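Worksheet: one structure, shown below.
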Amino acid sequence: MNEKKYRLGLALSSGGILGYAHVGVLRALEEMHVDADLLSGSSMGALVAVFSASGLDSYAIEEIGLKFASQVAALFDPLAPIDHVRGPQRLRAQLRKILPVTLFEALRKPVCIAATDVQTGEAVIYDRGSIWEPLSASFCLPGIFPIAKVGDGYFLDGGMSLPVPVTELRKRGATRVMAVSLYDPLQNDEYKPSLNIARLLGRALNLMLNNIAKVELVTADLVVRPDLRGLSPTDIHGYIVRGYEAAMMHRTAIEAMVD
């Protein structure tokens, strides 16, 4: 009898619109016939992890991304008007309607996601019960989405405290962990003094998340870092291709993780 030796965990980082690159990583794993046994995620990474664990393949997730591309781009575009208060709430409601399952226990594989307690600033991990409230908390980026209420608490984006949950996968039995990080400053557009305030703040957030994530990333067996330079907020396919290419560059190492 062939007994599986390793349990592969896949940790998907936060990163806002950059998170479309996660779909490309999933597509590469599909082509390699490498199946993660359990997943974790924060913010956009949590969304992708949950939809993947519900049974959707990368093409189905891409289709969802394309459906909401204009809405997501408007939220993250520094030139977009900020007087559309209902936009984020409408997007949340639409995503909730198409989520295939409602309970963590109904997912096809275990998933844990991170959110940040507004009061304490600490990461809170969810992996059981109702999915939607913790999930909406995990991608609650300040200034874009309204604060999320889960139980008696209030929560912000998981990236604020645990941008890429690697050790949580270890706790849940992963013997090998592959992490996808979207923060590497060297793989984002070069800094220029002419950056407007919105783009400068975006870069500052990227640097902060990169520094917070380092503690978790050093515990991963493999870190995939897609090069996302030069892409526009509406170029979903571009992000997916970059994620795919980044994973394929590590094909030998990824396949060795499940041998």
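The values are calculated or read from the model by the stated rules, or taken from the named source; none is laboratory data. The model shown is predicted, which means the values in this text are computed figures rather than measured ones. Every residue, glycine as well, gets a Cβ built from its backbone with ideal geometry; the counts of neighbours run over all protein chains shown. These accessible areas exclude ligands, DNA and RNA; they are computed on the full protein's heavy atoms, side chains included. Shrake-Rupley method; radii C 1.70, N 1.55, O 1.52, S 1.80 Å.
Applying the condition of being of a type in the set (D, E, K, R) and assigned to a loop (DSSP other than H, G, I, E, B) to the range 114-128 and asking which residue is least open to solvent (accessible area, probe 1.4 Å) yields D127.
Among the numbered conditions (1) more than 25 Å from L207 (Cα to Cα); (2) open to solvent by 10 Å² or more (accessible area, probe 1.4 Å); (3) in contact (Cβ under 8 Å) with a residue 12 or more places away in the chain, the only one that I131 does not meet is (2).
Considering only the range 61-103, state which residues are modelled with pLDDT under 80, assigned to a helix (DSSP H, G or I) and among the aliphatic types (A, V, I, L, M). Selection gives A69, V72, A73, A74, L75, L91, A93. Working only within the range 224-245, note down all residues that are modelled with pLDDT of 95 or more and more than 17 Å from V48 (Cα to Cα). Scanning the range 224-245 gives a single hit, E245. Picking from residues in the range 145-166 that are farther than 22 Å from V180 by Cα and open to solvent by less than 40 Å² (accessible area, probe 1.4 Å), the one that is modelled with the lowest pLDDT is F145. The residues in the range 9-60 that are outside any helix (DSSP H, G or I), at pLDDT 95 or above, small (G, A, S) and within 11 Å of the chain's Cα centre (by Cα) can be counted, and the count is 5.
Exactly one residue out of A21, A28, A53, A11 is under 13 Å from L107 (Cβ atoms), touching a residue at least 40 places away in the same chain (Cβ under 8 Å) and open to solvent by less than 10 Å² (accessible area, probe 1.4 Å): that is A53.
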